[in-house]
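The values are calculated or read from the model by the stated rules, or taken from the named source; none is laboratory data. The structure displayed is predicted, hence computed values, not measured ones. FYI the Cβ positions are ideal-geometry reconstructions off the backbone, even for glycines, and counts take in every protein chain you see.
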Amino acid sequence: MALRGFDSGEATKFPTYASRVSSAWSSVANQPSRWQVKTGAYAASMGVDTTDPFYGTTHFHLLSATDRTVAMRRHFAATPAESYISFVFKLDALVARDVFQLTTAAATPVTSMRIHSDASGNILVYAATTLKKTIVTGWGANTWHQIRIHQKTSDNTLEVILDNGAIEDCSGTAMLPWYFLVLGNPNNNTTATSHLYIDAIQVNDTTGSVNNSWPDSPRIPTAIRPDGDTASTDWARSSGSNDSDMIKEEQPDLDTTYVSSSNIGDASRYTFGNLAEPSNAVIIGVCLTIVAKRADAAKIIPVVSRGGTTVELTAVDVETDYMSPIEVIIEQDPIAVGAWTQTNLNATEFGIKHASP
Ligand SMILES: [Ca+2]
Ligand SMILES: [Ca+2]
Ligand SMILES: [Ca+2]
């Protein structure tokens, strides 16, 4: 595995873009999401929004005002020793403010690196509290730009690429292992109101044979969802006449509609809608997102099936509530044993098998 994950809020569309007041990092009740939010002592807004995304249907939207904490954070996996990250962002106003940072996992997280936009739209790259470089951009408001970051803890590498520019070397200051990827302004570090939009986040590490260096120009399309049942239907639906109808909604409805199993070995597979990307699009990975909870010690085995071949992937843990969606990164097609093609992806059934712990 080299693709650690990608996110743009497409899978569950949670947390919803809304005002919240919480001075501590917290999840939003009944909104399963890997993202936590923080707003300090003021009403402010952040979350998954659908207005004018860079690509697909959703993006992250954070409204920040003078001296206000407005931020979102998530972790993708255990701390990578070396990582390459890409995202796109835009601001509706050129004001001095934080955009992005990587932090440690401590109770009071420490910043490893930070991207700050100044009032002229220039990009300031910090390693911890040290300003490493001010990159003059000429950027204006309301335009999408890509930022790519390369961080390596063992030799304190920090490199940044803006759009398709040169590699900006910001190395030499201690690079702390990061655990949280943070969007927005978690440290009251702005003096004016601005809307920040972030989309198409990709995180690579350097293991494996693919997706182990600079991301290219990632685009995360609208999530494709279950649209039909197959011959494999061991799991029981809570209501209705189709299993897939129970698990296809855009924002998970938790205990309202679902499929369930109390028997180890039960498997169900579903057909999915089709991707409709340009024919020259390269599929760097698929993320199977499952919002699930367990009543006992069960696990789930993700199942991939096409043309009479069914592959069972490594069993994954299930929590006792729905709040942390399971993300299964399927970097290559396990049936063709190689890169995904759009034709193969569109013909593939995905499913779940009830496994013992
Ligand atoms: Ca998007
Ligand atoms: Ca449901
Ligand atoms: Ca399909």
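Quick notes
- Residue tally, condition over 22 Å from Val304 (Cβ atoms) and among the small types (Gly, Ala, Ser), over the stretch 244-285: 2
- Number of positions in the stretch 183-227 that are crowded, with 20+ Cβ neighbours inside 10 Å, within 17 Å of the chain's Cα centre (by Cα), of a type outside the set (A, V, I, L, M, F, W, C) and not in a strand (DSSP E or B): 3
- None of Thr12, Thr57 is within 16 Å of ligand 1 (Cβ to nearest atom), more than 26 Å from Lys293 (Cα to Cα) and out of contact with any helix residue (DSSP H, G or I) (no Cβ under 9 Å at 6 or more places or on another chain) except Thr57.
- Answer residue from the stretch 233-267, given it is polar (S, T, N, Q) and under 13 Å from Ala355 (Cα atoms) and is farthest from ligand 2 (Cβ to nearest atom) among those: Asn263
- Taking the criterion of being in contact with a Gly (Cβ under 8 Å, 6 or more places away or on another chain) and more than 17 Å from Gln146 (Cβ to Cβ), the only residue of the stretch 98-126 that qualifies is Asp98.
- Entry remark, the stretch 275-294: residues being aliphatic (A, V, I, L, M) and either farther than 27 Å from Leu254 by Cα or without any contact (Cβ under 8 Å) to a residue 24 or more places away in the chain (or both) number 5 in total.
- For the stretch 328-357, a residue qualifies if it is closer than 16 Å to Phe272 by Cβ and either among the small types (Gly, Ala, Ser) or within 16 Å of ligand 1 (Cβ to nearest atom) (or both), and the qualifying residues are Ala347, Gly351.
- When Val48, Val21, Val88 are checked against the criterion of being at negative phi, among the aliphatic types (A, V, I, L, M) and more than 16 Å from ligand 1 (Cβ to nearest atom), a single residue qualifies: Val21.
- Of all residues in the stretch 238-257, those that are over 18 Å from Asp321 (Cα atoms) have Cβ atoms under 7 Å from Cβ atoms of residues that are more than 8 Å from ligand 2 (Cβ to nearest atom) and in a loop (DSSP other than H, G, I, E, B), 6 or more apart or on another chain, in Asp243/Trp235; Lys248/Arg225; Glu250/Lys13.
- Wholly enclosed strands (runs of 3 or more DSSP E) of the stretch 32-108 bearing at least 1 residues free of Cβ contacts under 8 Å to residues at least 40 places away in the same chain: 36-38, 44-49
- Taking the criterion of being of a type in the set (S, T, N, Q), surrounded by fewer than 18 Cβ atoms within 10 Å (Cβ to Cβ) and not in a strand (DSSP E or B), the residues of the stretch 306-333 that qualify are Thr314, Thr320, Ser324.
- Gly273 satisfies every condition listed in (1) surrounded by fewer than 17 Cβ atoms within 10 Å (Cβ to Cβ); (2) more than 16 Å from ligand 3 (Cβ to nearest atom); (3) among the small types (Gly, Ala, Ser) except (2).
- Checked against the criterion of being under 13 Å from Ile352 (Cα atoms), within 17 Å of the chain's Cα centre (by Cα) and either in the same structural domain as Thr12 (by TED's automatic domain parsing) or polar (S, T, N, Q) (or both), the candidates Thr310, Thr230, Thr289 yield just one match: Thr289.
- Unique match (being more than 21 Å from the chain's Cα centre (by Cα) and under 27 Å from Asp169 (Cα atoms)) among Leu91, Leu102, Leu124: Leu124
- Subset of the stretch 34-60 (residues that are at pLDDT 95 or above and among the basic types (Lys, Arg)): Arg34
- Criterion violated by Lys133 - all others in (1) assigned to a loop (DSSP other than H, G, I, E, B); (2) in contact with a Cys (Cβ under 8 Å, 6 or more places away or on another chain); (3) of a type outside the set (A, V, I, L, M, F, W, C) satisfied: (1)
- Extreme residue, farthest from Ser27 (Cα to Cα), among residues of the stretch 319-347 that are without any contact (Cβ under 8 Å) to a residue 40 or more places away in the chain and within 16 Å of ligand 2 (Cβ to nearest atom): Ile326
- Some residue of the stretch 171-180 being closer than 12 Å to Gln101 by Cα, touching a Lys or Arg at 6+ places or on another chain (Cβ under 8 Å) and either assigned to a strand (DSSP E or B) or free of Cβ contacts under 8 Å to residues at least 12 places away in the same chain (or both): yes
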